[in-house]
Amino acid sequence: MGFVVSDVIELSAVDVAVTPVEKFREFLLTRGMRLTPEREAIVTAVYSTHDHFDAEQWITDLTRQKGASRVSRSTIYRSLNLLVEAGLIRKVARSNDREVYEHDYGYPQHDHLICRKCGTMIEFLNTEVSELLERIAQERGFRMAGHRLEVDGVCAECSRPPKRQHRKLDMI
C-alpha cells in the first residue's frame with residue numbers, strides 16, 4: 001500500500017536558519033558522531049521532495065539513484081532513526097508493519113486525516129485545533145511544545161458505494 005498525500009493543501013517549506021544537512025551535522029556532533037558521506041546522501045535524498053515515505057519504499061528509490069547504491073540498508077535504517085531523534089523527520093503512521101515518515105524540520109505544524117483503506121493522507125492546517133489544544137493544555141497547567149493529530153477513518157473515495165454494472169438481464 002503506497003501512501004498518497006491528498007492535494008487538499010500545499011505545504012510549502014518555511015524559512016529555517018540552517019539547512020537540514022547542517023542541522024543533522026550539529027545533532028550528530030552532540031552525539032560524538034560525524035556526518036559521513038552516506039548520511040549526507042540520505043538527508044539530501046529525504047529533503048529532495050516532500051513526499052511521505054515508508055522506509056522500504058524509500059530504500060528502493062534511494063538505491064536506484066546514481067552513487068547511492070553503496071549505502072547499506074542498515075545504514076539507512078539507523079540514519080532514519082537518527083533523523084527522527086534530530087527532529088528532522090517524524091513518523092506519521094504505521095501501516096502493514098511499516099513506519100511512514102515525513103519532514104518535521106522546515107515545514108509548518110499540520111495534521112493528518114488517514115484513510116485506513118487506501119492509505120491516502122490528507123494534510124490540513126487548522127488554527128482552531130491548535131488554539132483548542134493550547135487552551136486545554138493551559139487549563140491543566142501543561143506547557144505544550146507542539147502537537148500531532150492523526151485522524152483514522154475512510155476517505156470519500158473509499159466511502160462511495162461500488163459502481164454496479166447493470167447486465168442486460170437486470171434491465172428486464
Any chance ASP104 is of a type in the set (Asp, Glu), closer than 18 Å to VAL18 by Cβ and touching a helix residue (DSSP H, G or I) at 6+ places or on another chain (Cβ under 9 Å): yes
Residue pairs meeting the criteria (Cβ under 7 Å; at least 6 apart or on separate chains; first without any contact (Cβ under 8 Å) to a residue 40 or more places away in the chain, in segment 101-116; second surrounded by 19 or more Cβ atoms within 10 Å (Cβ to Cβ) and part of a loop (DSSP other than H, G, I, E, B)): ASP104/LEU88
Tabulated pairs, segment 136-162, first within 22 Å of GLU123 (Cβ to Cβ), second in a loop (DSSP other than H, G, I, E, B), C-beta under 6 angstrom, 6+ apart or interchain: ASP152/ARG116; VAL154/LYS117; CYS155/THR120; CYS158/LYS117; CYS158/CYS118
Qualifying positions in segment 72-100 - at positive phi and touching a residue at least 12 places away in the same chain (Cβ under 8 Å): GLY87, ASN96
Residue satisfying condition, being modelled with pLDDT of 80 or more and out of contact with any Phe, Trp or Tyr (no Cβ under 6 Å at 6 or more places or on another chain), within set ARG90, ARG98, ARG164: ARG90
Within segment 21-44, considering residues that are under 19 Å from TYR107 (Cα atoms) and either of a type in the set (Val, Ile, Thr) or at pLDDT below 85 (or both), the one surrounded by the most Cβ atoms within 10 Å (Cβ to Cβ): ILE42
Per-region count, segment 114-128, residues out of contact with any Phe, Trp or Tyr (no Cβ under 6 Å at 6 or more places or on another chain) and outside any strand (DSSP E or B): 8
Looking only at segment 117-130, and only at residues there that are within 26 Å of ALA17 (Cα to Cα) and free of Cβ contacts under 8 Å to residues at least 24 places away in the same chain, the one that is surrounded by the fewest Cβ atoms within 10 Å (Cβ to Cβ): THR127
Residue in segment 44-65 that is in a loop (DSSP other than H, G, I, E, B), free of Cβ contacts under 8 Å to residues at least 60 places away in the same chain, under 24 Å from ALA17 (Cβ atoms) and touching a helix residue (DSSP H, G or I) at 6+ places or on another chain (Cβ under 7 Å) present: yes
Of all residues in segment 136-152 being loosely packed, with under 11 Cβ neighbours inside 10 Å and out of contact with any strand residue (DSSP E or B) (no Cβ under 7 Å at 6 or more places or on another chain), the one that is modelled with the lowest pLDDT: GLY146
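The values are calculated or read from the model by the stated rules, or taken from the named source; none is laboratory data. Only a predicted model underlies this, so the values are computations on that prediction, with no experimental measurement involved. Glycine also receives a Cβ, built like all others from the backbone with ideal geometry; neighbour counts cover every protein chain displayed.
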